[in-house]
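This report refers to the structure that appears directly beneath it.
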């Protein structure tokens, strides 16, 4: 599969996740109408197809989930870079969602703000903490 096709399927896959979340959100708020159920079914079916094509079919799932001992030097460098970017993006998105929930709740929820700040701190200090914990010398 070409890189442009992989990119398209990745976008489709993440759009399906977004549709799934929005369908559940609106289903909870307005009730499970036929349109919402159709959105849920569509997002799951297309999501599974896109996941199978881009992650399983391309071998990328296996590459990113293999032990480093089973990878050559180039594969280790490529997956390390991908993991570095992906966890940074994941941390930011997760924290933005949590902060949005805290601010949009309609009331001032100090607990969610403290959780947000603590997770932001954790996201920034966890890599160096792992090195401090595991490395003999730094």
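For the chain, adding -39500 (n - 2.57) for each run of n ≥ 4 DSSP H residues and dividing by the number of residues yields -27000 deg cm²/dmol at 222 nm. Treating each Cα of the chain as one equal point scatterer and applying the Debye formula with no solvent, the log10 of I(q)/I(0) at q = 0.12, 0.16 Å⁻¹ comes out as -0.75, -1.10.
At the listed q of 0.15, 0.22, 0.27 Å⁻¹, the Debye profile of the range 1-63, built from one uniform point per Cα, gives log10 I(q)/I(0) equal to -0.49, -0.80, -1.01. Here the label points at residue 1 and residue 88, each 7 Å from Cα along the C-beta direction, are separated by 2.5 nm in the simple model.
List 65, 124 from most exposed to least, where exposure is judged by having the fewest other Cβ atoms within 10 Å.
Numbers: 65 9, 124 12.
So the residues, fewest neighbours to most, are 65, 124.
Using the Cα gyration tensor of the range 66-138, with a ≥ b ≥ c the square roots of its eigenvalues, what is the shape: rounded (a/c below 1.5), prolate (a/b larger than b/c) or oblate (neither)? It is oblate, given that a/c is not under 1.5 and a/b is not larger than b/c.
All of the numbers you see were taken from the coordinates with simple rules; none came from a lab. The structure displayed is predicted, hence computed values, not measured ones. Positions of Cβ are backbone-derived with ideal geometry, glycine not excepted, and every protein chain shown enters the neighbour counts.
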